[in-house]
1. For SER74, which of the numbered conditions (1) at pLDDT 90 or above; (2) touching a Phe, Trp or Tyr at 6+ places or on another chain (Cβ under 7 Å); (3) among the polar types (S, T, N, Q) fails to hold?
2. Which fully enclosed strands (runs of 3 or more DSSP E) of the stretch 121-205 have 1 or more residues being farther than 21 Å from GLU66 by Cα, modelled with pLDDT under 80 and not β-branched (Val, Ile, Thr)?
Amino acid sequence: MKRILWLLSVSLVCSLGSFAQQNVETPGNSNDSKSVSSLQGIYIGGGLSHGTDGGDGFLSIGFINELRMCRNISLILGGNVLNSTYQQLNVINNQVVITTTYGVQLSLSAEARIYLDFEKSNLNGTINKLNSGWFIGLPVEITSSYLNSNQPFSAGGIAPSLGYRYALSDKMFLEAAGGLGLTLRSFRTFDAVPYLRLKACYTFQ
């Protein structure tokens, strides 16, 4: 059943990408200077989160494909490798024992994003190629621990966020986002997880 869910999740991300590509506005539109841009890139990042079963910290490397949906809305599809530490609660001889565990996970994500001050970022008609500025995001992510366990999935979650993207150049940007997510751990237990994520990205445009 879990392998079927894994295949369905991959199919969903692929179908979202196909749908988004069909809705991308064509270049040359007179509103290009006032609209978000589509971009692709690789990134490194890190973050902290804290759920009811303990805190997590992680470093990651991944790929993103940001697709323009309309003037200030984009859809971001991504995949990455997570190197994380997390706390586990175990009951041994009727006592609760907390252990810190290291793991390597794979994840797939899709995020609908609204840029809040895009008009301000495009003053004087300058094209904001890296979509910098404040944003609200609604990322959905599925994480697998298949690399270091026999369980294809470890968690799935939805995590509304508020963040800011800062362009270092026409190829690189920094991004920070924080929010409160709802995670379904091992697809059995719901957990409210506040989190903070940082990212440095190099784009191919």
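The values are calculated or read from the model by the stated rules, or taken from the named source; none is laboratory data. What you are looking at is a predicted structure, and each value in this text was computed from that prediction instead of being measured. Ideal geometry is used to build each Cβ from the backbone, glycine not excepted, and the neighbour counts take in all protein chains shown.
1. Here SER74 meets the rest and fails (2).
2. 133-144, 155-158, 172-185, 189-203
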